[in-house]
Amino acid sequence: MKTVLKFLAITIVAASSINLVEARTKVLGQDGIAVEVVGVAISKPDPNSEYGWSYVSGRNPGTEVHVRIVATGSAILALANAERTSDAPQLVTLDGKSLKAPRGGNDISFYSQISEDGQHCVFPIRSDDLPPTGTSALKIEGKVKVTTGSDLQNKRVKIDVKPDSKIDVGDIQMTLSEVEDDMFGENAWTLTFQSNQSLATIKEIKFFDDAGGEIESSSAGSHSFGFGNQMTYGRSFRVMGKPQSVNVEIRYFASTREVDVPLNVNFELNLNK
């Protein structure tokens, strides 16, 4: 089941003088999503840098703010830019001057880091500009799209270890697209499952033999490629012992919600307050 929520009311949890610790926006709704600023980095440009770096090695000049989204009662599965470009997150001075976004904008999905338990996610918002002289506080404007999951369920399916074996998980159909020898030369398979639907709702995959014993396995990475609605998603696993058939146990979220989360947060640049 998939629910899409669009315009949610928000409240600012802080007084008029908001510092970095207190800066938090709470989205009112069943998901209990909250937003807070957790880091600020400001780097001056190095005029002698051949590649346009700042004085800080390996860092672009400008302002970078790290935002943390916290979910209560559900798990964060994915984060993405808002559908409308006018809703793209941006840094703004308190008197309304926008700081220039980096070329190509802020890719929220690519740079987001979701915690293992799905309870929080951190992502950066960047600008090529430094805050104007005398600035002591900034604000964030815009929205991000957050996908959350709930109703965690288990499903176990026996498949033959051969290409084109299929598994249905809720609304998702996965295909065992590749069966390869372990690249490190061990007695193991590298199994790759693919789908034309996002696999973000799948929390965990394990493998068992017919006697119910768990087969040693580990993640071998994930991938996605394509454009727009023509995407392919995949996950790979190393499965020890090269079994000819396995019982695949999938833990997945049966219910998901898409929430447009406003990032209306004021914060001070002084982290010690």
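The values are calculated or read from the model by the stated rules, or taken from the named source; none is laboratory data. Note that this is a predicted model, so its numbers are computed, not measured. Note that we place each Cβ from the backbone using ideal geometry, even for glycine, and neighbour counts take in every protein chain shown.
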Of all strands (runs of 3 or more DSSP E) fully inside the range 179-273, the set with 1 or more residues that are farther than 20 Å from Ser115 by Cα and modelled with pLDDT of 95 or more is 188-195, 202-208, 217-227, 230-240, 245-262
Single residue of Ile108, Ile159, Ile114 found to be of a type in the set (A, V, I, L, M, F, W, C) and either outside the structural domain of Val35 (by TED's automatic domain parsing) or touching a residue at least 60 places away in the same chain (Cβ under 8 Å) (or both) = Ile159
Sole exception among (1) part of a loop (DSSP other than H, G, I, E, B); (2) in contact with a helix residue (DSSP H, G or I) (Cβ under 9 Å, 6 or more places away or on another chain); (3) modelled with pLDDT of 90 or more for Leu79, by number = (1)
Please enumerate the residues belonging to the range 173-193 that are touching a Phe, Trp or Tyr at 6+ places or on another chain (Cβ under 9 Å) and crowded, with 19+ Cβ neighbours inside 10 Å.
-> Met174, Leu176, Trp189, Leu191, Thr192, Phe193
